[in-house]
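The values are calculated or read from the model by the stated rules, or taken from the named source; none is laboratory data. Predicted model only: the values in this text are computed from it and were never measured. Neighbour counts are summed over all protein chains in view; Cβ atoms, including those assigned to glycine, are modelled from backbone coordinates with ideal geometry. Keep in mind that these areas ignore ligands, DNA and RNA; they rest on the heavy atoms of the full protein, side chains included. Shrake-Rupley method; radii C 1.70, N 1.55, O 1.52, S 1.80 Å.
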Amino acid sequence: MTDHVKSSVHTKGPFILAIAGGGSTYTPGIVKSLMVKLAEFPLAEIRLYDIDSERQNVIAPVVEKVIRDHSDSIKFTVTSEPEVAFSGAHFVFAQMRVGQYSMREQDEKIPLRHGVVGQETCGPGGLAYGLRTILPMVELIDLVERYADKKAWIVNYSNPAAIVAEGVRRLRPDARVLNICDMPVAAMRNIAAILGVDRDAVTVNYFGLNHFGWFTHAFVDGVDRMPELRKHVAKFGLLTEDAAATDPQHADPSWVKTWRNIQPLMEHFPEYLPNPYMQYYLMPNQIVEHQDPDYTRANEVMDGREKKLFAAAAEYKKTGILSDAFHVGVHGAFIVDVARSLAFDLRQRHLVMVENRGAIANLPYDAMVEVPAYITSQGPEAITVGKIPLFYKGLIEQQLACEQLLVEATIEGSYEKALQAFTLNRTVPTMQHAKAILDDMIEANSDYWPKLKKAFVDGVAQ
C-alpha cells in the first residue's frame, strides 16, 4: 500500500451509505458484510431507501439488530423519501427489483409457456426485466446527483446488469456508477474451493458481457491452474467432489444443477471456462426440458429465502430473538470490497462492467463488457484483454446487439426494436416465438414498461 493510500485511509470517512432497495432480503447480509469490515470501511450512517415502505419496514428491524450487534454509534435511517435517503450520501448501493418477485415469476413462466427458457436475467425474461428497470435506474441516478455528495458513487448490482449498464451508458454517460455482478465472484469461489486455496489467492482473466463470458486463466501464485480445472470440470462440473463448497446463495438444488451443467459446456468447447449462465444460451432445449412451467426459480425463492427471512423478522419482532435467517456470502463481501477500493483508491482487481474502449480489441469500442479492472477512486481502469477468438466474438456480438436493441426500444418506445431484440436472443428459436412472447409480456408488464408503439402496421409506416 502506498503512502498516499495510507494517508487517505486515515483521512476519509466515516461515510454515509444509502441502500436503494432497502426492503430486499439481501440487505441484512450486505449490512453484515459492512459490519465485518467496519474498521476498513468506517460508516457514520446507513440509510435504507425503498418505494415499498411496508416491505422495508419488515426488513429494517433485522438490519438494525445487525448494526447494533457491532456498533452503537452508526446512525440508522429508514425512509421512502429520496431527499432523506441521499442528502450528503457518499455511496449508494443500488439493488432495485422493479415489479418484485411477482413480475419475476411472469418473466420466467411466460417464455416457458412457449417452450422457451424462463430465467430472470437471460432470454426473454431478462429482456422483460430490462425494460422494467432501465428508466427507474435513470431516475435513481438523477435523485442521487440532485441530493448526494458531488463525488458520490453508485455501486449498482440491479439486474439485468448488462442491459442496465448499457441503458445508463446511453442515457447518463457521465454518471458515477460502477456496475457489478457477483456471479463471476461466485464462480471464483468455486474455483478456489476446487483448487484448495482461499478465494483471494485466485487471480482470473475473463472476458465477455455480464452473464455471458468466459474465464481464460486461473492463476495461483503465478501458475495457471486452468488445465487442472478442465480435468475436474470434466468429472464434476464447477463443484468440489463432495459439492459442499458453495455458500447458501448458490447451493440449492437448482444451483447445483447449474454448476454441474458447466461440464457439458466445456466438453464441447474446452478452451475456456464459461460463466454458468451460458447454459441458457448454448443448451436451451435441455434447460427447458428440466424446467417446471408451473413452479420456477421465482417460486423457489419466494417459498425459500423470502419466507424464511420474513418469518424470522416476525419472530424477532415478537420475541427479540433473531434466528439465522440470512447469510453473508460473496455477494455482500464483493460489494463492500468494491466500495472500499473506490473510497481509498486501493486499485484492487475485480471483474466489473466497463465501457470497452479497446480492452477487448475486436469488439465495439462502446460495448459494455465485463473484464478485470483496477478499481480506483476515479472509477475502474480496465485491464487489456486483447483480441478474442472468432467463435466467442460472434456469440458476444449477437448478444450485444440484442441488448443494445432492447435499450433502444426502451428509449424510443419502439415495438419493432423490442421484437428485434427478442428475435436476436439465442434462447428464442424463431421470430414467431419472439412475437408471441413479446406480446404476452407487453400485457403482463402494462404497469411497468414504457409504451411500445409500432412504426409499421400491415406494412404501412405510421
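Scanning segment 260-294 for residues that are over 29 Å from H232 (Cβ atoms) and touching a Lys or Arg at 6+ places or on another chain (Cβ under 9 Å), which turns out least open to solvent (accessible area, probe 1.4 Å)? Give the steps one after another, and end with the answer.
Just the residues of segment 260-294 that are over 29 Å from H232 (Cβ atoms), to begin with: 292-294.
Checking the rest, the ones that are also touching a Lys or Arg at 6+ places or on another chain (Cβ under 9 Å) come to 293-294.
Values: P293: 61, D294: 118 Å².
This residue is P293.
Residues that are at pLDDT below 95 and of a type in the set (F, W, Y), at least 1 per element: which helices (runs of 4 or more DSSP H) completely within segment 247-289 meet that? Let's see the steps before the verdict.
Working: elements: 253-260, 262-268, 278-282, 284-289.
Hits in segment 247-289: 253-260.
Look through segment 91-122, keep the residues that are over 19 Å from S24 (Cβ atoms) and either open to solvent by less than 30 Å² (accessible area, probe 1.4 Å) or among the hydroxyl-bearing types (S, T, Y) (or both), and return whichever of them is nearest to the chain's Cα centre (by Cα).
C122
Given the structure, is G125 among the small types (G, A, S), crowded, with 22+ Cβ neighbours inside 10 Å and either modelled with pLDDT of 95 or more or under 22 Å from G23 (Cβ atoms) (or both)?
Values: among the small types (G, A, S): yes; crowded, with 22+ Cβ neighbours inside 10 Å: yes; either modelled with pLDDT of 95 or more or under 22 Å from G23 (Cβ atoms) (or both): yes.
The answer is yes for G125.
Would you point out which residue out of Q462, Q420, Q404 is open to solvent by 30 Å² or more (accessible area, probe 1.4 Å) and under 20 Å from H114 (Cβ atoms)? Before you say what the answer is, go through the steps one by one.
Values: Q462 fails: under 20 Å from H114 (Cβ atoms); Q404 fails: under 20 Å from H114 (Cβ atoms).
Sole residue among the options that is open to solvent by 30 Å² or more (accessible area, probe 1.4 Å) and under 20 Å from H114 (Cβ atoms): Q420.
So is L239 aliphatic (A, V, I, L, M), more than 30 Å from R132 (Cβ to Cβ) and open to solvent by less than 10 Å² (accessible area, probe 1.4 Å) or not? Explain how you work it out, then say what you get.
Values: aliphatic (A, V, I, L, M): yes; more than 30 Å from R132 (Cβ to Cβ): yes; open to solvent by less than 10 Å² (accessible area, probe 1.4 Å): yes.
Taking the combined requirement at face value, the residue satisfies it.
From the residues in segment 128-143 that are open to solvent by 20 Å² or more (accessible area, probe 1.4 Å) and hydrophobic (A, V, I, L, M, F, W, C), which one is farthest from A436 (Cα to Cα)?
Residues of segment 128-143 that are open to solvent by 20 Å² or more (accessible area, probe 1.4 Å), as a first pass: 135-136, 139, 142-143.
Those left that are additionally hydrophobic (A, V, I, L, M, F, W, C): 135, 143.
Details: L135: 24, L143: 37 Å.
In this case the residue turns out to be L143.
Return the total of residues in segment 65-82 being in contact with a helix residue (DSSP H, G or I) (Cβ under 6 Å, 6 or more places away or on another chain) and either within 22 Å of L309 (Cβ to Cβ) or hydroxyl-bearing (S, T, Y) (or both).
Result for segment 65-82: 7.
Any residue in segment 216-228 that is modelled with pLDDT of 95 or more, assigned to a loop (DSSP other than H, G, I, E, B) and not charged (D, E, K, R)? Lay out the reasoning, then the answer.
So the first thing to find is which residues in segment 216-228 are modelled with pLDDT of 95 or more, and the list is 216-228.
Imposing the further condition that a residue be assigned to a loop (DSSP other than H, G, I, E, B) reduces the set to 221-222, 225.
Add one more test, that the residue is not charged (D, E, K, R), and what stays is 222.
Yes; the residues of segment 216-228 include at least one that is modelled with pLDDT of 95 or more, assigned to a loop (DSSP other than H, G, I, E, B) and not charged (D, E, K, R).
Given the conditions (1) modelled with pLDDT of 95 or more; (2) farther than 28 Å from M283 by Cα; (3) of a type in the set (K, R), and given that K435 satisfies all but one, which numbered condition is not satisfied?
That leaves (2) as the condition not met.
Checking the conditions here, which among K65, K109, K75 is at pLDDT 95 or above, farther than 16 Å from S158 by Cβ and touching an Asp or Glu at 6+ places or on another chain (Cβ under 7 Å)?
On the way: K65 fails: touching an Asp or Glu at 6+ places or on another chain (Cβ under 7 Å); K109 fails: touching an Asp or Glu at 6+ places or on another chain (Cβ under 7 Å).
After ruling out the rest, the residue left standing is K75.
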